[in-house]
Amino acid sequence: MWRSVAFGTAAIVAVPLLILWSIVGYILSRPLGVAAVISVVVVLALTTAAEVHERLVLFDFVAVLAVAFGALVLLPKKALHESLVLGAFLAYAISRRVCLTIENEKEKTYADWITVLSCVGLAWGFVCAQKYWIPARLEELTKLEDKLYKTHIMTEYKMLKVGGLGTVHIPYCGEQKDESRLPPLNLVLIHGYAAGNAFWATNLQTLAKQYNVYAVEWIGIGRSDRPDPSYKSYEDADRFFVDAIERWRKEIQLDQFVLAGHSMGGIFVTHYALKYPQNVEQLILISPAGVGYPPKDNSPRSFFFRVIRYGWGMKLTPMSFVRFMGPFGKRLVRWILQRRMSWLPDTSVLKTGVLDSAMVAEYMYHNWALKKSGEVAIHTHLLPGAYGIKPLRDDLLPNQIQMPVTFIYGGGSDWMNFEYGQEVVDRLSPTQYATLKKVPYAGHQVFMDNSADFNSILIESITLGTLSK
C-alpha cells in the first residue's frame, strides 16, 4: 500500500517538472532562424503598438535586433564572435533605454518591455546558436571519428561522404607481390543500431591487408545526411535505407563487393542482397537482428521490460532520452557506456583500453544527439526483443538468395540467438555455400569484443566463400 502511495506522490511531483523540462528543452533547441523570426516579430508588434497608442517611436530596436540576428547567422560559428554580438546589443539596448526621457507610465512600460524582450530574444538566439541545450555538433563527431582512426590505422584512409552516406575508405594495403589478390575484393561494412563507422576502428587496418575496405553508415546516422523520416509503411522505410546503399554504390562506382552487416545492419544488407543480387559477391551477417520469429508469449515479465515495451509503443529511442536530458545528455551516454563495459568480456577493446572509452562515449553522444532520422528504424523494422517485424528467415530461402552466406556470432554472451542463424544455414546448405561461425568470448559487439579473432574469422569466411564458387 505505502509503495503505491509513494509512487503516486512521486508521479504527481515529477510529471509537471518533466513537462516543464520538455518545454524549456524544446524552446532552447530551436534553430537560430526560428528564434530570430519570433523575436523580431514580437518586438516589431510591440513597437508598433507603442507608436499607435502612445506615439512612442522605438523602431530602431527592431532594426538593430534584426542586424544582430543577421550577424549571428552570417559570422563564423565561433563563441567569441557571437558573444561580442550579444554583448554589443545588450550595451546598446540598455543605454538606449537609460537615455530615453519618458514621464508617461504607459510609455515607460512599453519601453521597458521592448528593451527586455529585445535582450531576451537575442539571448535566446545566442543560446540556440551555441547549442547549449543539446551541444551535439557534426564537426565534433567528424573530429572524434578521425582521432579514433588515426590511433589504429597506420596506412592511408579517406573519410568521405558518398551518395549522402558517411564513408571511410581504407585502400588495400597488403602484399603487392601476391598477384592472386590483385585486384583485391571490395569489402563493405554496415554497422548496427546506435553505432557508426568509428566502431570498426580496430578492425579496419587488418582487413585492409586483405581487401579494399569501405565502412558505410546508414542514412540518417553518423556523418550521413539526416532527412526527416516521413515513411508510412515497412516497405517505404526499407526502401529509405536499402536504396540509399544502392545510391552510394553507384556514386562510388563499385560493381561487386562482399557485403557485411552487423546487428540491425544485417537486416538492411540482406534486403539489399535480395534486391540487387548482381552486386553482392558474398553476404556476411554478423550477429544479425531480426532473424527468428518472436516467441508466442512475448509479454514482458519484469517492470524494466514493461517500461521498455511502453517506450517502444511511444516510438521512443535511446537517442530520444539523450536529447531530452539536454545538457546532461553527455553524462547519460557516459553512464550507459560504463554500464555496458561492465558486461563486456575481458577481450573487449573497450575493456582493455585499446579503444579509448572516453573518446568513444563522446563520439556516441554526438552521433546520438544530432537530428532524429535513421534511429527510427528500430520501430519500423523491429519488435521489442530485437525480433524482426518481417523475420529474415523468411527471406533467406534457397530460391531467393544464391550468393555464399556466412553467419558470425559471438561465442560468449551474444544475446542474438545463433540457433536462428543455424536454422537458416541448415536450410541453405544443400543447395549453396552457407556456414555459421562463432568468435570466442565475444558477445553481441563481436568485432569489438574480440577484435583479433573476429578479423581472422571474417577473413577465413570470405576466403572459403570465394573458393566455394
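Under the condition of being in contact with a His (Cβ under 9 Å, 6 or more places away or on another chain) and of a type outside the set (D, E, K, R), which residue from the stretch 57-111 is surrounded by the fewest Cβ atoms within 10 Å (Cβ to Cβ)?
Leu75
Under the condition of being out of contact with any Asp or Glu (no Cβ under 9 Å at 6 or more places or on another chain) and small (Gly, Ala, Ser), which residue from the stretch 414-469 is farthest from Ile286 (Cα to Cα)?
Checking each candidate, the answer is Ser468.
Would you confirm, using the coordinates I've provided, whether Gln278 is without any contact (Cβ under 8 Å) to a residue 60 or more places away in the chain and surrounded by fewer than 15 Cβ atoms within 10 Å (Cβ to Cβ)?
yes
Within the stretch 104-115, is even one residue among the small types (Gly, Ala, Ser) and out of contact with any Phe, Trp or Tyr (no Cβ under 7 Å at 6 or more places or on another chain)?
Yes, the conditions are met somewhere in the stretch 104-115.
Within the stretch 409-422, can you find the residues that are farther than 17 Å from Asp346 by Cα and touching a strand residue (DSSP E or B) at 6+ places or on another chain (Cβ under 6 Å)?
Of everything in the stretch 409-422, those that are farther than 17 Å from Asp346 by Cα and touching a strand residue (DSSP E or B) at 6+ places or on another chain (Cβ under 6 Å) turn out to be Tyr409, Phe418, Gly421, Gln422.
Any chance the stretch 246-255 includes a residue that's over 28 Å from Lys143 (Cβ atoms) and part of a helix (DSSP H, G or I)?
Yes, there is a match, as at least one residue in the stretch 246-255 is over 28 Å from Lys143 (Cβ atoms) and part of a helix (DSSP H, G or I).
Of the residues Lys469, Lys438, which is outside any helix (DSSP H, G or I), touching a residue at least 24 places away in the same chain (Cβ under 8 Å) and surrounded by fewer than 17 Cβ atoms within 10 Å (Cβ to Cβ)?
Step by step, each of Lys469, Lys438 is checked, and only Lys469 is outside any helix (DSSP H, G or I), touching a residue at least 24 places away in the same chain (Cβ under 8 Å) and surrounded by fewer than 17 Cβ atoms within 10 Å (Cβ to Cβ).
Among the residues of the stretch 274-300, count how many are over 19 Å from Leu382 (Cβ atoms) and outside any loop (DSSP other than H, G, I, E, B).
9
So which of Thr317, Thr406 is β-branched (Val, Ile, Thr), assigned by TED's automatic domain parsing to the domain that holds Ile457, crowded, with 19+ Cβ neighbours inside 10 Å and touching a strand residue (DSSP E or B) at 6+ places or on another chain (Cβ under 6 Å)?
Selected residue: Thr406, the only one of Thr317, Thr406 that is β-branched (Val, Ile, Thr), assigned by TED's automatic domain parsing to the domain that holds Ile457, crowded, with 19+ Cβ neighbours inside 10 Å and touching a strand residue (DSSP E or B) at 6+ places or on another chain (Cβ under 6 Å).
Only one residue in Ala50, Ala35 is hydrophobic (A, V, I, L, M, F, W, C), modelled with pLDDT of 95 or more and assigned by TED's automatic domain parsing to the domain that holds Leu122. Which one?
Residue meeting the stated conditions: Ala35.
I'm told Ser180 meets every condition in (1) more than 26 Å from the chain's Cα centre (by Cα); (2) at pLDDT 95 or above; (3) over 20 Å from Thr155 (Cβ atoms) except one. Can you identify the failing condition by its number?
With respect to (1) more than 26 Å from the chain's Cα centre (by Cα); (2) at pLDDT 95 or above; (3) over 20 Å from Thr155 (Cβ atoms), Ser180 is out only on (2).
Determine whether Ile134 is outside any helix (DSSP H, G or I), modelled with pLDDT of 95 or more and under 30 Å from Gly87 (Cα atoms).
Yes; evaluated as a whole, the condition is true for this residue.
Kindly indicate the residue of the stretch 413-435 that is in contact (Cβ under 8 Å) with a residue 40 or more places away in the chain and over 28 Å from the mean Cα position of the chain (by Cα) and also surrounded by the most Cβ atoms within 10 Å (Cβ to Cβ) among those meeting that condition.
Within the stretch 413-435, the match that is surrounded by the most Cβ atoms within 10 Å (Cβ to Cβ) is Val424.
Could you tell me whether any residue of the stretch 224-237 is closer than 21 Å to Thr142 by Cα, touching a strand residue (DSSP E or B) at 6+ places or on another chain (Cβ under 7 Å) and not in a helix (DSSP H, G or I)?
yes
Might you check whether a residue that is crowded, with 23+ Cβ neighbours inside 10 Å and either modelled with pLDDT of 95 or more or not assigned by TED's automatic domain parsing to the domain that holds Ala369 (or both) occurs anywhere in the stretch 226-237?
Checked against the condition, which is being crowded, with 23+ Cβ neighbours inside 10 Å and either modelled with pLDDT of 95 or more or not assigned by TED's automatic domain parsing to the domain that holds Ala369 (or both), the stretch 226-237 yields no hits at all.
If you go through the stretch 290-301 one residue at a time, do you hit one that is assigned by TED's automatic domain parsing to the domain that holds Leu458, hydrophobic (A, V, I, L, M, F, W, C) and modelled with pLDDT of 95 or more?
Residues of the stretch 290-301 that are assigned by TED's automatic domain parsing to the domain that holds Leu458, as a first pass: 290-301.
Cutting the leftovers down to hydrophobic (A, V, I, L, M, F, W, C) gives us 291.
Then drop every residue that is not modelled with pLDDT of 95 or more, which leaves 291.
Yes, the stretch 290-301 contains at least one residue that is assigned by TED's automatic domain parsing to the domain that holds Leu458, hydrophobic (A, V, I, L, M, F, W, C) and modelled with pLDDT of 95 or more.
Got a sec? Which of Glu107, Glu156 is not assigned by TED's automatic domain parsing to the domain that holds Leu74 and not aliphatic (A, V, I, L, M)?
Just a single option satisfies the conditions, and that option is Glu156.
Give the residue that is nearest to Val127 (Cα to Cα), with candidates limited to residues of the stretch 315-338 that are of a type in the set (A, V, I, L, M, F, W, C) and not in a helix (DSSP H, G or I).
Met325
Yes/no per residue for (1) free of Cβ contacts under 8 Å to residues at least 40 places away in the same chain; (2) acidic (Asp, Glu); (3) closer than 21 Å to Gly196 by Cα:
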position	(1), (2), (3)
Ile221	no, no, yes
Arg226	no, no, yes
Ser233	yes, no, no
Ala237	no, no, yes
Glu246	yes, yes, yes
Lys250	no, no, no
Gln253	yes, no, no
Gln256	no, no, no
Pro288	no, no, yes
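Of all residues in the stretch 339-378, count the ones that are over 22 Å from the mean Cα position of the chain (by Cα), in contact (Cβ under 8 Å) with a residue 40 or more places away in the chain and assigned to a helix (DSSP H, G or I).
Counting residues in the stretch 339-378 that are over 22 Å from the mean Cα position of the chain (by Cα), in contact (Cβ under 8 Å) with a residue 40 or more places away in the chain and assigned to a helix (DSSP H, G or I) gives 1.
Among the residues of the stretch 441-456, which ones are part of a helix (DSSP H, G or I), crowded, with 22+ Cβ neighbours inside 10 Å and hydrophobic (A, V, I, L, M, F, W, C)?
Residues satisfying the conditions are Val446, Phe447, Met448, Phe454.
Residue by residue through the stretch 112-133, note down the ones that are among the small types (Gly, Ala, Ser), buried (at least 20 other Cβ atoms within 10 Å of the Cβ) and under 23 Å from Thr47 (Cβ atoms).
Ser118, Gly121, Gly125
The values are calculated or read from the model by the stated rules, or taken from the named source; none is laboratory data. Since we're looking at a predicted model, the values are computed, not measured. Reconstructed Cβ throughout: ideal geometry from the backbone, glycine too, with neighbour counts over all protein chains shown.
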